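Note sheet for the following structure.
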Amino acid sequence: MNKHEAGNILLRAILGLTFFIHGLSKFQGGISNTAGFFDSIGIPGFLAYIVAFVELIGGIALILGLGIRIVSVLFVVIMLGAIFTVKLSAGFLGNGQTAGYELEIVLLAMSIYFAVATGSRFSLDNKFFRSEEEK
């Protein structure tokens, strides 16, 4: 394993864990509360269930290296939505009452990286979906 692969695994695991915990907290805190928040900012409440599910299952999938590109694109969409619907008005570092979008932009950048990066040798995608000539 070279340094690039080690960094890729570490970054993928941290990104996956972060999204998994965010999804889990939405369910533990009462997904209906999150749906109510979505409604209050003009987003259909049912999308809270989709976002929480994508974060929870997508986080696990990313850690395992399964569906990396698809999951990462979904994470990109979620982060863009969070930045432009909730966080942008608070500024990069926040406004003293709420956090800014600094975390979301880092998660966005990491997600974009995995959406466009070449596959990892240490992933389930590589194990199951690599062609015979690549092996």
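Please treat every number below as a calculation from the coordinates, not as lab data. These numbers come from a predicted model, not from an experiment. When we count neighbours, we look across all protein chains shown, and the Cβ atoms used for this are built from the backbone with ideal geometry, even at glycine.
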(message) For the chain, set up a GNM with springs between Cα atoms under 10 Å and report which of ILE57, ILE41, ILE105 has the largest fluctuation.
(response) ILE41
(request) Any chance you could check the Cα centroid distance between the range 1-42 and the range 54-81 for me, in angstrom? (result) 8
(message) How big is the dipole moment of the range 3-129 about its Cα centre under a simple scheme where the beta carbon of each Lys and Arg is +1, that of each Asp and Glu is -1, and everything else is neutral? Debye, nearest 20, please.
(response) 320
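Filter the trypsin sites (Lys or Arg not before Pro) in the range 1-57 to those in DSSP coil with at most 12 other Cβ atoms within 10 Å of their Cβ, and list the result. The partial results should precede the final answer.
Details: sites: LYS3, ARG12, LYS26; in loops: none.
Hits after loop and neighbour filter: nothing returned.
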(message) Just to be sure I understand the model, the point goes 7 Å from the Cα along the line to the Cβ. What's the resulting LEU88 to ASN2 distance in nm?
(response) 3.9
(message) If I fit a long axis through the Cα atoms of helix 102-116 and take the longest principal axis of the Cα atoms of the chain, what angle between them do I get, 0 to 90°, rounded to 10?
(response) 30
(message) Angle check, please: helix 68-82 long axis (alpha carbons) against the longest principal axis of the chain (alpha carbons), in degrees 0 to 90, nearest 10.
(response) 20
(message) Under the rule that an exposed site lies in a DSSP loop and has at most 16 other Cβ atoms within 10 Å, name the longest stretch of the chain with no GluC sites (Glu not before Pro) of that kind, not counting the sites themselves.
(response) 1-131
(request) Taking amide H positions as placed in the peptide plane 1.01 Å from N, state which residues far from GLY94 in sequence (5 or more) or on other chains have amide H under 5 Å from it. (result) GLY100, TYR101
(request) Take the Cα pairs of the range 1-77, get the Kirkwood Rh, then feed it into Stokes-Einstein at 4 °C and 1.567 mPa s and tell me D in µm²/s. (result) 99
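Given only helices, namely DSSP H runs of n ≥ 4 each adding -39500 (n - 2.57), what is the per-residue ellipticity at 222 nm of the chain, to the nearest 500 deg cm²/dmol?
Result for the chain, helices only: -22000 deg cm²/dmol.
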